[in-house]
Amino acid sequence: MAFSRALASSVVLVFLLFSFSEAREILVGGKTDAWKIPSESVSLNRWAEAARFQIGDTLVWKYDANKDSVLRVTKEAYSSCNVSSPIAEYKDGNSKIVLDRSGPFYFISGANGHCEKGQKLIVVVLSPRSRFISFSPAPSPAEIEGPAVAPTSTATSLKGGLMVVLGSLVGMFLF
Ligand SMILES: *[C@@H]1O[C@H](CO)[C@@H](O)[C@H](O)[C@H]1NC(C)=O
């Protein structure tokens, strides 16, 4: 009984994970007042390293528009805290930046002296290949008609079974 409940929960969980993987809004730093000079110099990038960013995700920045801003800059400007010619500037206090490609994005504060004190962030967006491995590729016509059907479907159901086992483990862990 407990197992089937865990199984049902995990099916729901997997479904939720898949639906939420489409387009997420991610609050920078995980909280509303995170875009500021950090008390711990690495905390913003530590947060970013623990998160997994995907193409299409939106970063949401909340800060006091009278005191701060967000500059999207090059790697060089990030390293040297050069605020003079950003790729893009955001200063409305509630900035949304869509991560429209894979690879690194560099952000620094536009407030005088803040970048030097550690208010900077690198976000690395995963490449599409590293997201989800397709579990059921469309079979070619040869596979449908020929004798190759049996091993293919065995492999598919093995993978399916593995997914269910993994899913239930995750389910039991969380519920
Ligand atoms: C900042 O960047 C601009 C444009 O790339 C450049 O002209 C300028 O020399 C840089 N300033 C410093 C202090 O590196």
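Just so you know, all these numbers are worked out from the coordinates, no wet-lab data involved. Predicted model, so just to flag it, every value in this text is computed and none were measured. When we count neighbours, we look across all protein chains shown, and the Cβ atoms used for this are built from the backbone with ideal geometry, even at glycine.
At a glance:
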read-out	value
Antiparallel bridge percentage (DSSP; both residues within the stretch 23-132; nearest 5)	80 percent
Spin-label pair VAL60/ASP100, simplified geometry with 7 Å Cα→Cβ offset, distance in nm	2.1 nm
Formal net charge of residues neighbouring TRP35 (Cβ-Cβ distance under 11 Å; K, R +1; D, E -1)	+2
Nearest-20 debye value, the stretch 23-132 charge dipole, Cβ charges on Lys, Arg, Asp, Glu	300 debye
Nonlocal amide H pairs with VAL125, under 5 Å, H built at 1.01 Å	GLY103, PHE105
